[in-house]
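The values are calculated or read from the model by the stated rules, or taken from the named source; none is laboratory data. Small disclaimer: the values here were computed from a predicted structure and weren't measured. Here the Cβ positions follow ideal geometry from the backbone for every residue, glycine too, while neighbour counts run over all protein chains shown. Protein only, heavy atoms only, side chains kept; ligands, DNA and RNA dropped before computing areas. Shrake-Rupley method; radii C 1.70, N 1.55, O 1.52, S 1.80 Å.
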Amino acid sequence: MDALGNPIEVLLTTGNTCDITVAEKLLRRIDLKDTTVLADRAYGKWDFREFIADQDANFCIPPKSDNSDPWFVDWWLYKERHLVETFFLKLKEFRRVAMRYDKLASRFLAFVHLACIRILLA
């Protein structure tokens, strides 16, 4: 997502794949220099935060409550993460995408791309 909540990249994975395992792969496709990555607590893994820092970017990821060494979080900036949730709500307005009518991954991804285009044009 960009700063306005518009999609930049879409990556389709299997349902049993954890998001953190493909997050680095997805972020490698984007130039992160001088940006801030907003993510929820699930992305607070040290390796992922180090990857973001190595790309000359900042991160705004809150630590889990059981973390023994918490880091600073700009909570005012973190509130902008609602744009991600808003995008997914807009995406699920497309019934074909929300109900996953297409069984082939290539067709489903094509309709996700069409829905993203429609959201961008609206």
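Filtering the range 13-23 to residues that are open to solvent by 60 Å² or more (accessible area, probe 1.4 Å) and not small (G, A, S) leaves T14, N16, C18, D19, T21. Taking residues in the range 23-47 that are of a type in the set (F, W, Y), and partners anywhere that are at pLDDT 90 or above, the pairs with Cβ atoms closer than 6 Å and at least 6 places apart or on different chains are Y43/I61. Note on the range 40-77: among residues that are assigned to a helix (DSSP H, G or I) and of a type in the set (G, A, S), the one that is nearest to T21 (Cα to Cα) is A42. Looking at L4, L26, just one residue is modelled with pLDDT under 90, loosely packed, with under 10 Cβ neighbours inside 10 Å and within 27 Å of A122 (Cβ to Cβ), and that residue is L4.
Can you tell me which residues in the range 78-113 are assigned to a helix (DSSP H, G or I), open to solvent by 60 Å² or more (accessible area, probe 1.4 Å) and either aromatic (F, W, Y) or out of contact with any helix residue (DSSP H, G or I) (no Cβ under 9 Å at 6 or more places or on another chain) (or both)? K79, E80, H82, E85, F88, L89, R95, S106, R107, F111, H113, listed by residue number.
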